[in-house]
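Okay, structure first, notes after.
The values are calculated or read from the model by the stated rules, or taken from the named source; none is laboratory data. Because the structure is predicted, anything quoted here is derived from the model rather than measured. Every residue, glycine as well, gets a Cβ built from its backbone with ideal geometry; the counts of neighbours run over all protein chains shown.
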Amino acid sequence: MSSDFYGQYMGHIRNLLTSTLEPVERLAAIPTQIHKWYTHRLQDNASLQNQLLKLNTENLLLKARLQRMESLEQELERHRRLLGTTGRMDNQSLQIASVLFYSNTPLTQYLTINKGALDGVNLNQPIIDDKGLVGQVTSLTPTASRVLKITDPNHQVPIRVLRTGQRGILTGLGQNQLGIDFIPTSANLQLGDLIVTSGLGGIFPAGYPVATITDITQIDGQTYYSIKAQPIADLFNAHEVLILSGFRGQP
Amino acid sequence: MIQSYHDTSFQTAKFIVIFSYFAALVINVFAIRIDWLLLMPPITLLVLMFWVVQILNQTHLYTALALGLLHDALHNTLLGSHSLLFIVITFIMLRMRLRFRSVPLWQQSLMVGIYMLLFQTGHFLFYTPLLIDNALYLYWSMPLASAFIWPAIVLVLGLLSKPSLES
């Protein structure tokens, strides 16, 4: 217990235990998979066609936005060169993974995904979904990885408020809730402000949406706000997630 | 005396013992996905308690250690913390097992409820989980749920281990 708490020397033993549990997790996921399969079978053709149409439209809109983003990236790179800064554009790569299993208890909140060390996944790699940041890889087995969700009480992310640039630390509170620490009472904050990753620390790339502010409380005599936030990513229903790599601080 | 208990050894019932731990682990793994199943007790510990009472020629402390480590990996908690809790409950059961198996089933359920309350108190002090809204009631209802589940475990495992004793 001491070596696990102080030194993180027990990582290999934990990985071994996680590998042992992997077939059990896959077995425990079978009832849910059967339920999903059955629900999918019940969907009629009309609803599937509607869904396809909706996805095609969404795809078209996203392609249009991507074109604009590529031109903006090039423009930003050109401006950086003109300014002579040493910054460079990140060349991130993505890997799609399916969610095999998840935990939803007050003690821990994690996902198990179907990509592991053999697929080139590394520890601490950030995971996102189509809406925002999901978490980071904390444990690896050859064929699967465990992702600690941002709502886990042991997880923290360096963030900034998109509107003002104010930096802080986002902490998981368990049960789909988040808290934001170290934002002084002099800061300009509003309910609904979007929180994005700040990129500090080198684990998470900058600019990914993480949460929105849902509650701001100022406690007398305290120099920092007590802030609650709601995650943007679909932490409980996401079937597929993306593993980010190739940015500064990541292999 | 409860008819579900028979003097047996690990060798005669090893497949049922291993299978029961595996099945209990699958149930526990399944339960951590669902909010309201916070009231689900660690079934592996209940099964371990059953085998402690059933198989008298072993202490089962190594089994408690191994199952606790698996629970630590499952819940992402400090390695050895669940093991410690499992070993404490197993040790209490070891001290009481002869008296325990001689009392009626309803009384056993009550005792199991008390043991699990002890477990849950240790769990709460060790991990201080954040319990919001219903989670608080579900979390502290676990010992009661254990008391209700215990007769089923005794009957099912008692029935399953009986043929292996006779073979």
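Numbers below:
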| read-out | value |
| --- | --- |
| Candidate set: the range B:102-138, residues that are of a type in the set (Ser, Thr, Tyr) and closer than 18 Å to B:Leu46 by Cβ; chosen: the one surrounded by the most Cβ atoms within 10 Å (Cβ to Cβ) | B:Tyr115 |
| Residue satisfying condition, being over 16 Å from the mean Cα position of the chain (by Cα), touching a residue at least 60 places away in the same chain (Cβ under 8 Å) and within 14 Å of another protein chain (Cβ to nearest Cβ), within set B:Ala73, B:Ala135 | B:Ala135 |
| Among the candidates A:Ala206, A:Ala211, residue that is out of contact with any helix residue (DSSP H, G or I) (no Cβ under 7 Å at 6 or more places or on another chain), part of a strand (DSSP E or B), modelled with pLDDT of 85 or more and of a type in the set (Gly, Ala, Ser) | A:Ala211 |
| Restricting the range A:109-122 to residues that are within 14 Å of chain B (Cβ to nearest Cβ) and in contact with a Leu (Cβ under 6 Å, 6 or more places away or on another chain), the residue that is farthest from A:Thr20 (Cα to Cα) | A:Tyr110 |
| Hey, A:Ser145 surrounded by 21 or more Cβ atoms within 10 Å (Cβ to Cβ) and modelled with pLDDT under 90 or not | no |
| Whichever residue in the range A:148-203 is more than 14 Å from chain B (Cβ to nearest Cβ) and among the acidic types (Asp, Glu) and, among such residues, is surrounded by the fewest Cβ atoms within 10 Å (Cβ to Cβ) | A:Asp181 |
| When residues of the range B:19-41 are limited to those that are part of a loop (DSSP other than H, G, I, E, B) and either at the interface with another protein chain (Cβ under 8 Å from one of its Cβ atoms) or more than 17 Å from B:His82 (Cβ to Cβ) (or both), the one nearest to the chain's Cα centre (by Cα) | B:Ile32 |
| Residues of the range B:87-101 satisfying the condition of being closer than 18 Å to B:Gly158 by Cα and surrounded by 14 or more Cβ atoms within 10 Å (Cβ to Cβ) | B:Met93, B:Arg97, B:Phe100, B:Arg101 |
| Lone qualifier among A:Arg78, A:Arg88 - being at pLDDT below 80 and part of a helix (DSSP H, G or I) | A:Arg78 |
| Which numbered condition A:Arg14 misses (of (1) surrounded by 18 or more Cβ atoms within 10 Å (Cβ to Cβ); (2) basic (Lys, Arg); (3) more than 16 Å from A:Ala117 (Cβ to Cβ)) | (3) |
| Subset of the range B:53-69 (residues that are in contact with a Phe, Trp or Tyr (Cβ under 9 Å, 6 or more places away or on another chain) and touching a residue at least 40 places away in the same chain (Cβ under 8 Å)) | B:Val53, B:Gln54, B:Ile55, B:Asn57, B:Gln58, B:Thr63, B:Leu67 |
| Tally of residues being more than 11 Å from chain A (Cβ to nearest Cβ) and surrounded by fewer than 24 Cβ atoms within 10 Å (Cβ to Cβ) across the range B:61-70 | 4 |
| Extreme residue, surrounded by the fewest Cβ atoms within 10 Å (Cβ to Cβ), among residues of the range A:227-241 that are over 20 Å from A:Ser198 (Cβ atoms) and out of contact with any helix residue (DSSP H, G or I) (no Cβ under 9 Å at 6 or more places or on another chain) | A:Asn237 |
| Scope the range B:114-132; condition part of a helix (DSSP H, G or I) and either in contact with a helix residue (DSSP H, G or I) (Cβ under 8 Å, 6 or more places away or on another chain) or within 10 Å of chain A (Cβ to nearest Cβ) (or both); matching residues | B:Ile114, B:Tyr115, B:Met116, B:Leu117, B:Leu118, B:Phe119, B:Gln120, B:Gly122, B:His123, B:Phe124, B:Phe126, B:Tyr127 |
| Scope the range A:220-246; condition among the hydrophobic types (A, V, I, L, M, F, W, C) and touching a Pro at 6+ places or on another chain (Cβ under 7 Å); matching residues | A:Ile232, A:Leu244 |
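Okay, residues lined up against (1) exposed (fewer than 10 other Cβ atoms within 10 Å of the Cβ); (2) farther than 30 Å from B:Phe30 by Cβ:
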| site | (1), (2) |
| --- | --- |
| A:Val24 | no, no |
| A:Pro31 | no, no |
| A:Arg41 | yes, no |
| A:Gln49 | no, yes |
| A:Leu52 | no, yes |
| A:Met69 | no, yes |
| A:Glu73 | no, yes |
| A:Glu77 | no, yes |
| A:Arg80 | no, yes |
